[in-house]
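Peer 1: My structure is below; once you've seen it, I'll send some questions.
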Amino acid sequence: MPFSPFHLVDGDSAKSLLLIADHARRELPEEYGSLGLPSSEFERHIAYDIGVELLTRKLAAMLGVPAVLGGFSRLLIDPNRGEDDPTLIMQLSDGAIIPGNNPMTYQEREKRLNQYYRPYHGAVAQAIDAVARASGKAPLVISIHSFTAFWKATPRPWHAGILWDKDWRAVRPLLEGLRADPKLLVGDNEPYDGALRNDTMFQHCIVPGLAHALIEVRQDLIADGAGIEQWANRLAPILEAINASPDMHVVKHFGSRTGPNPSWPDETVD
């Protein structure tokens, strides 16, 4: 079977909700071998977002909505970066030197963009368009990621985090829904800042004005079937309630903390 840069999960596009998972998989095309890395590195977060594929598939099944999963390891090329981002193809990641990425010629960079990165983003764009046509309204887009329990030696206390730039529509009810559980510590733009120029949310949601949010779940909490089941059961009713709000399905341009974009209207919503 030929290597696919994306995997589609079937669902009812008329529900106007799309799930995406940029870092769902850790596979590499056969021609790249292991990029010169030992197999143990592909068990780590540097290769993919642990737990995310199964969590996204479970959520899609519970909600009855489509999903797009990235089909390649972020070590090959990172789909959640802009084409001009210096971390698009990492040569060093959390202490691991990646021999297959160094040196990186212009021709090899373009090959990876054309064969993997751009087809993945094309699939996301097509899925958004399919949801918009089937539902007759602007889709709500939710991106699923996971983060490590420690960075270097520093513990990360959050159980989950919601990342965003300026569009708060899906973010506020997500934070409120998760924080209703007093046992959860939920980060607001933690452990990362959601304003990243030309990342997936920027390209497919911020520029066209679609409501969206990026959910980060701590990896140790979704590393097995029980954790995935727990988090799917926690997130599904919250997402279903958010998706029922009419404000999630109207195009609104909020702009970005990363700076202006020539394609946006002159007036943006604060």
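The values are calculated or read from the model by the stated rules, or taken from the named source; none is laboratory data. The shown structure was predicted, so the numbers you read here are calculated from the model rather than taken from an experiment. Note that each Cβ is placed from the backbone with ideal geometry, even for glycine, and that neighbours are counted across all protein chains shown. Just so you know, the surface numbers come from the protein's heavy atoms only, side chains and all, with ligands and any DNA or RNA stripped out. Shrake-Rupley method; radii C 1.70, N 1.55, O 1.52, S 1.80 Å.
Peer 1: How big is the range 140-208 along each principal axis, measuring the range of its Cα positions in Å and listing the largest first?
Peer 2: Per principal axis, max minus min of the Cα coordinates gives 36, 30, 16 Å.
Peer 1: Then there is this: Please state the Cα pair-distance histogram of the range 172-270 with 5 angstrom bins from zero: what percent is in each bin?
Peer 2: Values per bin, smallest distances first: 2, 10, 19, 20, 19, 14, 9, 4, 2, 0.
Peer 1: Rolling a 1.4 angstrom probe over the protein heavy atoms, how many square angstrom per residue are accessible across the chain?
Peer 2: 44 Å²
Peer 1: Could I ask something else about it? Obtain the nm distance between the two label points defined at residue 263 and residue 133 by a simple spin-label model: each point lies 7 Å from its Cα along the Cα-to-C-beta direction.
Peer 2: 1.9 nm
Peer 1: Also, I was wondering about something else. How many angstrom separate the Cα center of the range 57-129 from the Cα center of the range 187-218?
Peer 2: So the separation of the two Cα centres works out to 16 Å.
Peer 1: For the range 153-270, what does the relative contact order come out to in percent, with C-alpha contacts under 8 Å and a separation of six or more?
Peer 2: Rounded, it is 33 percent for the range 153-270.
Peer 1: Need the full-extension length gain, residue 12 to residue 94, defined as separation in residues times 0.36 nm minus the C-alpha distance. One decimal, nm.
Peer 2: 25.6 nm
Peer 1: Report the relative contact order of the chain, percent, no decimals, based on alpha-carbon pairs under 8 angstrom and at least 6 residues apart.
Peer 2: 23 percent
Peer 1: While we're on this one: List the lysines whose alpha-carbon lies under 19 Å from that of residue 166, not counting same-chain residues fewer than 8 positions away?
Peer 2: Within the straight-line limit of under 19 Å, residue 166 reaches these lysines: 252.
Peer 1: Could you check the simple spin-label distance between residue 87 and residue 233, using points 7 Å along Cα→Cβ, in nm with one decimal?
Peer 2: In this crude label model, residue 87 to residue 233 measures out at 3.5 nm.
Peer 1: When only C-alpha pairs under 8 Å and at least 6 residues apart count, what is the relative contact order of the range 38-184, in percent?
Peer 2: 20 percent
Peer 1: Now for a different question. Arranged from highest to lowest average of other beta-carbon atoms within 10 Å per residue, in what order do the peptides 156-163, 104-111, 253-260 appear?
Peer 2: So the peptides 156-163, 104-111, 253-260, ranked by packing, come out 156-163, 253-260, 104-111.
Peer 1: Grab every C-alpha pair in the chain, bin the distances at 10 angstrom width from 0 up to the longest one, and report whole percents.
Peer 2: The percentages, shortest bin first, are 7, 30, 38, 21, 5, 0.
Peer 1: Using modelled backbone amide H atoms (1.01 Å from N, in-plane), which distant-in-sequence or interchain residues come within less than 5 Å of residue 194's amide H?
Peer 2: 164
Peer 1: Could you give the dipole magnitude of the chain about its Cα centre, charging the beta-carbon of Lys and Arg +1 and that of Asp and Glu -1, in debye to the nearest 20?
Peer 2: In total the dipole reaches around 240 debye.
Peer 1: Enter the angle in degrees (range 0 to 90, nearest 10) between the Cα long axis of helix 118-135 and the first principal axis of the Cα atoms of the chain, meaning the one along which they spread out most.
Peer 2: With rounding to tens, the tilt is 20 degrees.
Peer 1: What lysines does residue 58 reach when the alpha-carbon gap must be under 18 Å and sequence neighbours fewer than 8 apart in one chain are set aside?
Peer 2: Result set, ordered by chain and number: 15.
Peer 1: Expressed as a whole percentage, what fraction of the accessible surface of the chain belongs to carbon and sulfur atoms when a 1.4 Å probe is rolled over the protein heavy atoms?
Peer 2: Carbon-and-sulfur percentage of accessible area, whole number: 54.
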